[in-house]
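The values are calculated or read from the model by the stated rules, or taken from the named source; none is laboratory data. Quantities reported herein were computed from a predicted structural model and do not represent experimental measurements. In this analysis, Cβ positions are derived from the backbone assuming ideal geometry, glycine residues included, and neighbour counts consider all displayed protein chains.
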């Protein structure tokens, strides 16, 4: 079934983190600015961003120095607004 | 040129056309439904699942998945799903509801489906309030908790105690039933519980029930920090997490 | 037969009123007649007076209930009081002669009132358990809605499984029908 | 035992509840859901005795809410599913049936009316007309067949499945305690032997293929966000209901031409009305009757045509004006006088109707 790309795919913001070994991508079209991810980040690496999300509230952006690409933020996001991609060969992640 | 477009890690069974979903910022429904979506993907059952959602915030999931879905009345998702399963046992049927729908207006359906050992999976999201209607007291509101209808805190002498759903269901359910309480604060465990609940149905063993402790920052009026504190530290004081009934008898 | 024959039969639970109605209507069905049978089934069916309203005719029966019956039968004092309302100037009212203390309650407007010694006859000459079949005989005697042959055939159909174990029971039942007819005929109704 | 519950046809002597169970079997119903309430219990009892021989299913639920909603589930799974209820159970049944109405789910419900309000009697009435026709929080987009005999019960129970599945409106067979419990003759038959083709069923949910890949997912809902969204859905449904109504409408009429008195009755009371009317007509009176068989949709034009030739009308029912309201509504604008014989919760005999009719014909009653 042919489907149009959803709006939220546009304007995704990707940041290299963890010494370039991973990419943090935020989808402002999905982020509602709840902040659950910020609270859960063990490195306190997430800051509020100037970029606004789908409800006009701030999204988050990672501090590339602190982010270890541990994926906790990805997991706790109720909206799947964060994707962490590891650039190295995918190791066993689970 | 970019090498490859980065995509959100949504479960394949989610319906991308209905995203961002309709739940509030910080609402736990998204996490319960993420766990469920991942389970549907892992079990490869997207073509056999029928999902029913209740009234209350759970109704907002009526087009959440790319699975056949029916949105029912408040409290009535359990009987609709029971009716579907009885008429076509090939389907994998999931009833999705909140604490009001499951423990108050629809409690007779939950009790009787459990007692009949109907071969369905019920997932009940407990956020301690009637959220869709604006934050009134729910069967699961905790002692002294403030809601719109208990503005001075829930007085258990007046209004009774919070309903312990899995404990009740486990007490009346029979051999073959699966009963657990998970929390969105323990995502992987919650996902495991949901997976076991659906596998239990697929094995034809009978009624499977998972309560998920969840968040409602909108009605709790909490920021992210307080939201986590409430679901992680306060709710489990009344609602212990774990498996309450496992076929074969092993319980956590 | 022109108009449908209307029968109301009332007694205490356990007196077998509904079984009589079932056998009687079965017999009428065997005769190829049209029947409408409706039991009363209020909450009073537990511990109350049991009534069978039966209509038998040649054409499809109209209304299920009727105000006045052609024959109204009461088998207990409570039953007498309960079915009095279904008695009119055309009604033959039958009650068991052993019922005491109902003199005041007997309908004043019936065409005929018959006190038949059904219970006594059953107890002394036959067997208490065929009392209701004897009553059926009385109904047949008074109305001729079905033939004795078909009545016996219907009894066989309904109770045949019991007769297999106890063939004497068959004779007892058949005699009871005949006796019931005789009781009424003796009183000059037919 | 053959594969078909009934081969050809045969005349039998049974209760109305038994006739319903046989009709559902003959119609190829797959599953019944039900909760005990007098006077419909024997429908379940016969179904559970007959059903297993033909691989039919039954679920005894915890209440009528559940009976209605599980019936909806059965239909969504693509089965001919039905339930039966009465009185306070019918009150509860209105919640699921309003969902069926909203979502155009072809449920079949048999109503054996009993006395009301509340628990009242377990025996008989015609007091569930308003409830069955208009009981939901909507517009009454349903089909209601009012039966007056066991033959009707058998015929219209079969027909109800076809009407429901053809038009996708919840369909009710409205009967009563007398019909439920009384025994009379009825010809039961295999619909096919009579040339009746059962409308095929199909699943609403759980069709073949993976949703989102091979086909769109079915996302059935009855909740709308904005008023206009709801109006759009309702307008379409109402338009369709009005359009198919002439195909669904059924009635019976006799001697309606320039009648001095036209008696209007439905259900089992119609039997008494018909007897009284024919008796008086034989005596030379200009009297006729009109019997609506479908109470929803109502045979409006047909009644208007008969009524405007009549000098006066007599509405007879075992209720305090439920049929009357429907009649008045449908005759709005005609100035023919409407007289009534209203006996809520009790049976009406032909003699009572004849007496009333004679008085009206003689001009003795205003």
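Do the conditions hold for residue D:298, that is, is it in contact with a strand residue (DSSP E or B) (Cβ under 9 Å, 6 or more places away or on another chain), under 29 Å from residue D:87 (Cα atoms) and not in a loop (DSSP other than H, G, I, E, B)? The answer is no for residue D:298. Checked against the criterion of being more than 10 Å from chain D (Cβ to nearest Cβ), in contact with a helix residue (DSSP H, G or I) (Cβ under 9 Å, 6 or more places away or on another chain) and surrounded by 24 or more Cβ atoms within 10 Å (Cβ to Cβ), the range B:79-94 has at least one qualifying residue. Determine whether residue C:62 is surrounded by 15 or more Cβ atoms within 10 Å (Cβ to Cβ), more than 9 Å from chain D (Cβ to nearest Cβ) and not in a strand (DSSP E or B). No, not satisfied.
Assess whether residue B:132 counts as being within 14 Å of another protein chain (Cβ to nearest Cβ) and either under 23 Å from residue B:70 (Cα atoms) or in a loop (DSSP other than H, G, I, E, B) (or both). Against the criterion (within 14 Å of another protein chain (Cβ to nearest Cβ) and either under 23 Å from residue B:70 (Cα atoms) or in a loop (DSSP other than H, G, I, E, B) (or both)), residue B:132 qualifies.
Against the numbered list (1) within 12 Å of chain D (Cβ to nearest Cβ); (2) under 21 Å from residue C:188 (Cα atoms), residue C:75 comes up short only at (1). Name the residues in the range B:103-134 that are touching a strand residue (DSSP E or B) at 6+ places or on another chain (Cβ under 6 Å) and within 27 Å of residue B:147 (Cβ to Cβ), would you? Across the range B:103-134, the qualifying residues are B:122, B:123, B:124, B:125, B:126, B:129, B:130. Looking at the range D:301-342, which of the residues that are touching a helix residue (DSSP H, G or I) at 6+ places or on another chain (Cβ under 8 Å) and assigned to a loop (DSSP other than H, G, I, E, B) is surrounded by the most Cβ atoms within 10 Å (Cβ to Cβ)? Per the stated criteria, the residue is D:318. Of the strands (runs of 3 or more DSSP E) lying entirely inside the range D:5-67, those carrying at least 3 residues that are within 14 Å of chain B (Cβ to nearest Cβ), surrounded by fewer than 24 Cβ atoms within 10 Å (Cβ to Cβ) and free of Cβ contacts under 8 Å to residues at least 40 places away in the same chain are D:57-60. Restricting B:215, B:222 to those that are under 16 Å from residue B:98 (Cα atoms) and assigned to a loop (DSSP other than H, G, I, E, B) reduces the list to B:215.
Could you go through the range C:162-175 and let me know if any residue there is in contact with a strand residue (DSSP E or B) (Cβ under 8 Å, 6 or more places away or on another chain) and buried (at least 23 other Cβ atoms within 10 Å of the Cβ).
The first filter runs over the range C:162-175 and keeps only residues in contact with a strand residue (DSSP E or B) (Cβ under 8 Å, 6 or more places away or on another chain), leaving none.
Among the residues of the range C:162-175, not one is in contact with a strand residue (DSSP E or B) (Cβ under 8 Å, 6 or more places away or on another chain) and buried (at least 23 other Cβ atoms within 10 Å of the Cβ), which makes the answer no.
Residue count for the range D:231-249 under the criterion of being surrounded by fewer than 17 Cβ atoms within 10 Å (Cβ to Cβ) and either within 14 Å of another protein chain (Cβ to nearest Cβ) or not in a helix (DSSP H, G or I) (or both): the result is 1. Only one entry in B:68, B:144, B:99, B:155 is more than 14 Å from chain D (Cβ to nearest Cβ), surrounded by 24 or more Cβ atoms within 10 Å (Cβ to Cβ) and out of contact with any helix residue (DSSP H, G or I) (no Cβ under 7 Å at 6 or more places or on another chain), namely B:99.
Please work out which residue is surrounded by the most Cβ atoms within 10 Å (Cβ to Cβ), limiting yourself to the range C:103-154 and to residues that are outside any helix (DSSP H, G or I) and out of contact with any strand residue (DSSP E or B) (no Cβ under 7 Å at 6 or more places or on another chain).
To start, the set of residues in the range C:103-154 that are outside any helix (DSSP H, G or I) comprises C:106-117, C:126-127, C:144-147.
Subset that is out of contact with any strand residue (DSSP E or B) (no Cβ under 7 Å at 6 or more places or on another chain): C:108-109, C:117, C:126-127, C:144, C:146-147.
Values: C:108: 7, C:109: 12, C:117: 15, C:126: 18, C:127: 17, C:144: 13, C:146: 25, C:147: 13.
If we take residues in the range C:103-154 being outside any helix (DSSP H, G or I) and out of contact with any strand residue (DSSP E or B) (no Cβ under 7 Å at 6 or more places or on another chain), then C:146 is surrounded by the most Cβ atoms within 10 Å (Cβ to Cβ).
Looking only at residues in the range C:1-15 that are surrounded by fewer than 24 Cβ atoms within 10 Å (Cβ to Cβ) and at pLDDT 90 or above, the one that is farthest from the other protein chains (Cβ to nearest Cβ) is C:5.
Is there a residue being away from chain B (no Cβ under 14 Å), surrounded by fewer than 21 Cβ atoms within 10 Å (Cβ to Cβ) and in a loop (DSSP other than H, G, I, E, B) anywhere in the range D:202-225?
From the range D:202-225, those away from chain B (no Cβ under 14 Å) are none; that's our starting set.
Scanning the range D:202-225, I find no residue that is away from chain B (no Cβ under 14 Å), surrounded by fewer than 21 Cβ atoms within 10 Å (Cβ to Cβ) and in a loop (DSSP other than H, G, I, E, B), so the answer is no.
Residues in the range D:68-115 that are within 7 Å of chain B (Cβ to nearest Cβ), crowded, with 24+ Cβ neighbours inside 10 Å and assigned to a loop (DSSP other than H, G, I, E, B): D:77 alone.
Listed here are the residues, each with its yes/no results for (1) out of contact with any helix residue (DSSP H, G or I) (no Cβ under 9 Å at 6 or more places or on another chain); (2) modelled with pLDDT under 95; (3) more than 7 Å from every other protein chain (Cβ to nearest Cβ).
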position: A:15; (1), (2), (3): yes, no, yes
position: A:24; (1), (2), (3): no, no, yes
position: A:39; (1), (2), (3): no, no, no
position: A:43; (1), (2), (3): yes, no, yes
position: A:56; (1), (2), (3): yes, yes, yes
position: A:65; (1), (2), (3): yes, no, yes
position: A:72; (1), (2), (3): no, no, yes
position: A:79; (1), (2), (3): no, no, no
position: A:87; (1), (2), (3): yes, yes, yes
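Mind checking whether some residue in the range D:176-191 is within 14 Å of chain B (Cβ to nearest Cβ) and touching a residue at least 60 places away in the same chain (Cβ under 8 Å)? No: the range D:176-191 contains no residue that is within 14 Å of chain B (Cβ to nearest Cβ) and touching a residue at least 60 places away in the same chain (Cβ under 8 Å).
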